[in-house]
Amino acid sequence: MSKVPFVTKEQLDNITKEYPTPFHLYDEKGIRENVKALKEAFAWNKGFKEYFAVKATPNPFLINILREYGCGCDCSSYTELMLSEAIGAVGEDIMFSSNATPAQEFVYADKLGAIINLDDFTHIDFLEKTIGHIPETISCRYNPGGLFKISNDIMDNPGDAKYGMTTEQLFEAFKVLKTKGAKEFGIHAFLASNTVTNEYYPMLAKILFEVAVKLQEETGAHIKFINLSGGIGIPYRPDQEANDIYVIGEGVRKAYEEVLVPAGMGDVAIYTELGRYMMGPYGCLVTKAIHEKHTHKEYIGCDACAVNLMRPAMYGAYHHITVMGKENEPCDHMYDVTGSLCENNDKFAIDRMLPKIDIGDTLVIHDTGAHGFAMGYNYNGKLKSAEVLLKEDGTTQLIRRAETPADYFATFDCFEIGEKLKK
Ligand SMILES: *Cc1c(COP(=O)(O)O)cnc(C)c1O
């Protein structure tokens with residue numbers, strides 16, 4: 001499979017005339033088609049709802065597109081709650097799935113009427129002391145421990161993850177919450193990240209459905225929803241096959257009919273908190289080659305760097321690169337494609353076979369729509385880039401301006417030096 005950018009060279013030549021590189025570009029058409037497909041795939045479930053994981057792409061313009069399709073917001077911090085409130089996502093349109101939660105975040109989430117998803121047994125007490133009551137609708141995050149395997153492949157290691165409650169704690173939590181006035185319950189688990197297999201969600205669903213049946217039997221709690229959380233991945237590499245959301249939806253339906261329906265729990269709503277799957281492929285980082293360097297290796301230096309996209313530096317993650325206009329040229333040059341940080345990890349690609357790159361070429365770094373801009377930082381005093389939306393009609397809209405030095409120095413504004421740094 002070859003990976004093709006969602007924007008043509010001609011379009012991008014025009015866009016880069018208007019917006020200086022680097023910037024993240026998002027594809028409205030792709031976002032819409034994808035969320036429509038997700039909704040169709042889960043249409044069999046009456047209460048289905050996607051809560052977009054705000055941390056993945058915290059841009060109100062992009063989240064508002066998803067809001068048109070009934071999506072809510074999955075938040076885990078104060079500012080994510082603020083962002084949700086600002087776009088009108090309040091009450092049960094917010095899932096507050098946080099951990100090691102500061103008290104004032106519980107207070108704010110409660111004020112907004114968000115559904116609170118407790119990460120730990122001890123949070124029951126903490127929440128009650130903090131907000132003075134236990135909400136009628138409450139959710140608990142489950143971590144069964146061990147390794148999460150599909151066939152013989154280890155998908156992830158929940159036993160090593162800081163999130164969620166053990167099985168025993170989960171049962172105890174439901175009992176305690178019930179005595180404290182909770183009436184409607186949710187169960188949540190996130191056991192594997194970026195899964196590129198149609199089996200993850202159905203397997204996770206089966207585990208949660210079975211626990212839900214036991215919980216209802218043993219505690220009498222009414223389970224309103226089961227939150228399958230995030231974890232559906234995207235094919236970052238050209239040789240990976242994309243998930244089929246319809247197959248995934250069917251797999252979850254099968255488990256639902258096998259486990260929940262016979263237990264008289266056919267009214268349970270399925271919730272998701274997808275981030276990467278909703279936005280990842282519909283964003284890219286646009287940068288220009290500004291230097292070439294021939295030393296012990298061949299380097300291409302870009303005007304973007306790891307502050308714009310941290311995943312390669314942080315996880316060694318693969319992001320495909322297209323050299324615009326050279327799609328059909330042979331990939332017969334091996335490059336390290338780097339940014340300008342004084343940090344040797346600042347490489348978008350290492351030993352990557354690409355067409356010959358010339359200074360001034362535009363590079364598209366794929367699949368930056370989730371956990372891309374959002375993970376950005378300011379090392380070396382580098383400024384965060386703009387975000388631009390490529391609309392369905394082919395026009396563009398600036399949906400976040402680039403940072404300026406004044407933004408970078410803003411936190412000195414209460415000092416004398418702040419005046420000198422104002423530009
Ligand atoms: C990060 C996160 C998600 C989204 O994960 P993706 O891998 O982007 O799908 C969902 N829920 C919670 C609680 C998260 O922390």
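For region 380-423 and region 182-221, write down the distance between their C-alpha centroids in whole Å.
Cα centroid to Cα centroid, the span is 42 Å.
With charges set only on the Cβ (+1 for Lys and Arg, -1 for Asp and Glu), what does the dipole of region 233-338 come to about its Cα centre, in debye to the nearest 20?
The dipole of region 233-338 has a size of about 340 debye.
Mean 1/r over all different Cα pairs, inverted: what Kirkwood radius does region 1-134 give, in Å?
After inverting the pairwise mean of 1/r, the radius is 17.0 Å.
In what sequence, highest mean first, do 26-36, 408-418 appear when ranked by Cβ atoms within 10 angstrom? Show your work: numbers first, answer last.
Values: 26-36: 19.0, 408-418: 11.9.
With the highest mean Cβ count within 10 Å placed first, the list reads 26-36, 408-418.
So, R0 is 30 Å and r is the distance between the beta-carbons of Lys162 and Asn378; what FRET efficiency does that work out to, to 0.05?
Values: r = 26 Å, r/R0 = 0.87.
Taking R0 as 30 Å, the efficiency between Lys162 and Asn378 is 0.70.
Full extension from Cys414 to Asp239: what is 0.36 nm times the residue separation minus their Cα-Cα distance, to one decimal in nm?
57.8 nm
Please tell me the relative contact order of region 15-160 in percent, rounded to the nearest whole number, where contacts are Cα pairs under 8 Å and at least six residues apart. Mind dumping the intermediate values first?
Values: 178 pairs, mean separation 19.6, N = 146.
Relative contact order of region 15-160: 13 percent.
Binning at 20 angstrom from zero up to the longest distance, how are the C-alpha pair distances of the chain distributed in percent?
Spelled out per bin, shortest first, that is 25, 53, 21, 1.
I need the per residue convex hull volume for region 326-407, using only the alpha carbons, in cubic angstrom as a whole number.
Taking the convex hull of the Cα positions in region 326-407, it is 145 Å³ per residue.
Do any of Lys3/Lys224; Lys326/Lys347; Lys36/Lys384; Lys29/Lys384; Lys17/Lys356; Lys17/Lys293 go past 29 Å between their Cα atoms, and which?
Pairs exceeding 29 Å: Lys3/Lys224; Lys36/Lys384.
With +1 on the Cβ of every Lys and Arg and -1 on the Cβ of every Asp and Glu, and nothing else charged, how large is the dipole of region 50-105 about its Cα centre, in debye rounded to the nearest 20?
Numbers: 2 positive and 8 negative charges, 29 e Å.
Using only the charged Cβ atoms, the result is roughly 140 debye.
Of all DSSP beta bridges in the chain, what percent run antiparallel (nearest 5)?
Among the beta bridges of the chain, antiparallel pairing accounts for roughly 45 percent.
If I model a spin label at Tyr299 and His333 as a point 7 Å from the Cα along the Cα→Cβ vector, what separation in nanometres do I get?
1.6 nm
Compute the distance in nm between two label points, each set 7 Å from the Cα along the Cα-to-Cβ direction, one at Tyr78 and one at Phe126.
1.6 nm
Under 10 Å, Cα contacts only: if you run a Gaussian network model on the chain, which one of Gly376, Gly47, Gly231 comes out with the highest mean-square fluctuation?
Looking only at Gly376, Gly47, Gly231, the biggest GNM fluctuation is shown by Gly47.
How fast does region 28-278 diffuse by Stokes-Einstein, in µm²/s, taking the Kirkwood radius from C-alpha pairs at 4 °C and 1.567 mPa s?
Answer, rounded: 71 µm²/s.
Taking the simple approach of a point 7 Å from Cα along Cα-to-Cβ for both Glu184 and Lys214, what is their distance in nm?
2.6 nm
Just want the ordering: Asp110, Asp160, from fewest to most Cβ atoms lying within 10 Å of their own Cβ.
Asp160, Asp110
Quick check: the distance between the Cα centres of region 62-89 and region 292-361, to the nearest angstrom?
34 Å
About the Cα centre of the chain, what is the dipole size in debye to 20, counting +1 per Lys and Arg Cβ and -1 per Asp and Glu Cβ, all else neutral? Could you put the intermediate results ahead of the total?
Numbers: 43 positive and 60 negative charges, 65 e Å.
My answer is approximately 320 debye.
What is the list of residues in region 217-245 whose amide nitrogen lies under 13 Å from a point 7 angstrom out from the Cα of Ala263, following Cα to Cβ?
217-227
Between Glu136, Glu329, Glu92, where does the largest GNM mean-square fluctuation fall for the chain, given springs only between Cα atoms within less than 10 Å?
The residue with the greatest mean-square fluctuation here is Glu329.
Give me the net charge for the shell around Tyr108: Cβ to Cβ below 11 angstrom, other residues only, Lys and Arg +1, Asp and Glu -1. Numbers along the way, then the final one.
Working: positive: Lys111; negative: Glu80, Glu85, Glu105, Asp110.
Here the charged neighbours net out to -3.
Laboratory data are not the source of any read-out in this text; all were calculated from the coordinates shown. Everything quoted here is computed from the prediction, not taken from an experiment. Note that we place each Cβ from the backbone using ideal geometry, even for glycine, and neighbour counts take in every protein chain shown.
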